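Just below is one structure, and these are the notes that go with it.
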Amino acid sequence: MKPKSIWTLCFLFFCSSSALAASNPVLPGLHPDGPVGVWRTFSAQRREAGPTAIGLSLSSRYFNLSDFPVSGTDLERLSGKAAISYTPLSSWEIFLSGSAWTSNEDVTAALVQQVGNMDFGTKIAFDVDEIWSVGVMGLGHYRRGAVDLGYTDTALSWDALALGTLDLWSQGIPLRIHGNVGFRLDQTGHLLPNTALEAARILYGVNGEHSLLAGLGVEVPLRPVVLSAEYTMEIALDAAGVGVFDNPQRATLGVRYFPSEDRTWGVGLASDLGFFASDGASRIVKEPDFGFHAGLFFHFAKPGSRVEALPTKVAEVENENYIFGKVTNARTGHSVGGAIIALCGPEISPLVSNPEDGRFRSYPLPAGDCNLTVTADGYSPLSQMVRVPDQGNLQHDMVLTPSEPERGIVVVRVKDGKGKPTQAQIVLPDVPRAKPMETDSEGRLRIKLPVNTYVMRAEGPKGSFSTVNVDVVDGTEVYAEFLLQSGATEAFLDDGLISVVKPIQFKSGSEVISQESEKTLQDVAKILQANPQIELVEIGGHTDSSGSSEKNLQLSQMRADAVMETLISLGIQKSRLTPVGYGSDQPIADNATLAGRKANRRVEFKILK
């Protein structure tokens, strides 16, 4: 292989791909052109369906044909595909893939490349019973011409296939068999002239003969590995004097590995073996001596939405050891879909109840005691011990109780400015749906609330009020005492500003707000609560000129942040506040005097919107 093609080959190998097989008992995977199956054989099994049932995969294939086209020369090709599939319904799948390849072995060019080939199609499949599935598939193959050889024509070939799958996993046997038969309408004959060398026909995939298609694939699913073996061939219909085994054929051995428990992704390796293909002059196209596949694949559907559903005819599984039933809501009786059901120990994969009717059915289980544990969002977990019979099925429905949020009790006590109990109204500013609650004449109230941190506000007569923060703890009583303050306001609206009667005070050299400024900030919060049309307020922090400019700027920003946090704790939305530190850059008085420096140490509330 010539050095100048190495980077091209690496790029194709890691960045291009075809969809790969990933079939397994829980989550079927991807075939090279999209649907479930093995590496070259399609499956009739259905896929998990839904709006997110999307499969993606990346892979590459390398093949080598030794001593060809002349003795001592090898024909090599590295190809890659990228594929996507979508399953809107469990019985219907559509898929699309794009491919590219490169080769540095051709008698007419030092480096041959082709980009832009595409495959597309759809599959419809049905489950006949627990072990048999059947389906039909249509495939289209778009092929570009041999541009490197000077031919620009394109071709569109079509495949029609009948599919059948025998899956013995439900019978406790790790074996799955796929069979395909069909017809290919091959339109690639004009892509290369009749005089083209066979090496070019092999590289560009030009057969030109309408063909019967046949394939047989066998899988052995052994978690987390799936082993596979396949035999596939195309039998030309119009080639006179050609024996069956002179047609394109190959055996493929593969292995796939699934690191995750839900098998939503995996990696795979496979090898094509062409050593048994005929070397006679009557052959249609010479098969490579060997080929290698490698890939990475994903599937984003929620696993288990189909295979755990209860069959409509329960009698069909008589004399088998199954558990089946339905998961329902204890209060409403409605079905609970998507519940996770763990059964009989961690070595058995969990089930998922059907999203539509909440039904489930297990895999074949050994007779004896089996612990069922059901979990679902919004419900309390449920564990029950059942006994699997020696023969036959066990019906066992699971009833889940909606889980209650953890709650605690807040004991409220309200007093007036003289310390005497007084009646008041309790509101929760940060819980818009909460209605105001009245205390009794002695200022007492018990409130049951979900576990959380709340801002609680007591509003008394003549505009008096008090605000506290309360941490509600599960199963515990906490006390909230309110001392109502005078209704005289310390803040008011003034021409685009919220002016304060007394400047906001901080402890010396820090951002800690002094206790005497709490009432002022409570009044600022009241103004914002009473004026929802005020959408944005700038909290401007200012200092005097004492100390360095850098330190003053930092301190002013910290103080503005502290004021914002206090207003948030009083029920003001953070989106309505923006803190800005100006340091000593905007004095309003002379910093040379004590009174001037005191005036410059301030917080301003400017209405921006």
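The values are calculated or read from the model by the stated rules, or taken from the named source; none is laboratory data. Because the structure is a prediction, the values reported are computed rather than measured. FYI the Cβ positions are ideal-geometry reconstructions off the backbone, even for glycines, and counts take in every protein chain you see. Note: accessible area is taken over every heavy atom of the protein model, side chains too, but ligands, DNA and RNA are not part of it. Shrake-Rupley method; radii C 1.70, N 1.55, O 1.52, S 1.80 Å.
Scan the range 239-258 and tell me whether some residue there is closer than 21 Å to A44 by Cα, acidic (D, E) and buried (at least 19 other Cβ atoms within 10 Å of the Cβ).
Scanning the range 239-258 turns up no residue that is closer than 21 Å to A44 by Cα, acidic (D, E) and buried (at least 19 other Cβ atoms within 10 Å of the Cβ).
Name the residues in the range 566-588 that are without any contact (Cβ under 8 Å) to a residue 40 or more places away in the chain and surrounded by 15 or more Cβ atoms within 10 Å (Cβ to Cβ), would you?
Result: I568, single match.
Considering V226, V206, which residue is among the β-branched types (V, I, T), crowded, with 21+ Cβ neighbours inside 10 Å and in contact with a Lys or Arg (Cβ under 6 Å, 6 or more places away or on another chain)?
Residue meeting the stated conditions: V226.
Failed condition for T543, given (1) surrounded by fewer than 17 Cβ atoms within 10 Å (Cβ to Cβ); (2) farther than 26 Å from Y454 by Cα; (3) among the hydroxyl-bearing types (S, T, Y), with all others met?
(1)
Residues to consider are L175, L163, L197; find the one that is open to solvent by less than 20 Å² (accessible area, probe 1.4 Å) and either in contact with an Asp or Glu (Cβ under 7 Å, 6 or more places away or on another chain) or not β-branched (V, I, T) (or both).
L163
Which residues, taken from the range 132-155, are closer than 13 Å to H190 by Cβ and either open to solvent by 70 Å² or more (accessible area, probe 1.4 Å) or part of a loop (DSSP other than H, G, I, E, B) (or both)?
Selection gives R144, G145, A146, Y151, T152, D153, T154.
Which residues, taken from the range 372-383, are open to solvent by 60 Å² or more (accessible area, probe 1.4 Å) and either assigned to a strand (DSSP E or B) or of a type in the set (F, W, Y) (or both)?
Matches in the range 372-383: S383 only.
Which condition number in (1) more than 30 Å from the chain's Cα centre (by Cα); (2) closer than 26 Å to Y62 by Cα; (3) not acidic (D, E) is the one that M118 fails?
The failed condition is (1).
Does at least one position in the range 349-371 carry a residue that is farther than 25 Å from I173 by Cβ, surrounded by 14 or more Cβ atoms within 10 Å (Cβ to Cβ) and among the hydrophobic types (A, V, I, L, M, F, W, C)?
no
Of all residues in the range 422-435, which are open to solvent by 50 Å² or more (accessible area, probe 1.4 Å) and free of Cβ contacts under 8 Å to residues at least 12 places away in the same chain?
P432, R433, K435
Just to be sure before I move on: is A480 closer than 22 Å to A599 by Cβ and crowded, with 17+ Cβ neighbours inside 10 Å in the structure I sent?
For A480, the condition - closer than 22 Å to A599 by Cβ and crowded, with 17+ Cβ neighbours inside 10 Å - is not met.
Of everything in the range 178-191 that's open to solvent by 50 Å² or more (accessible area, probe 1.4 Å) and touching a Ser or Thr at 6+ places or on another chain (Cβ under 8 Å), which residue is nearest to W132 (Cα to Cα)?
F183
Which of the residues belonging to the range 385-421 are open to solvent by less than 60 Å² (accessible area, probe 1.4 Å), assigned to a strand (DSSP E or B) and either polar (S, T, N, Q) or out of contact with any strand residue (DSSP E or B) (no Cβ under 9 Å at 6 or more places or on another chain) (or both)?
N393
Looking at (1) within 30 Å of S466 (Cβ to Cβ); (2) touching an Asp or Glu at 6+ places or on another chain (Cβ under 7 Å), which one does G596 not meet, given that it meets all the others?
Status for G596: all satisfied but (1).
Within the range 169-183, is there a residue that is free of Cβ contacts under 8 Å to residues at least 24 places away in the same chain, assigned to a loop (DSSP other than H, G, I, E, B) and of a type outside the set (F, W, Y)?
yes
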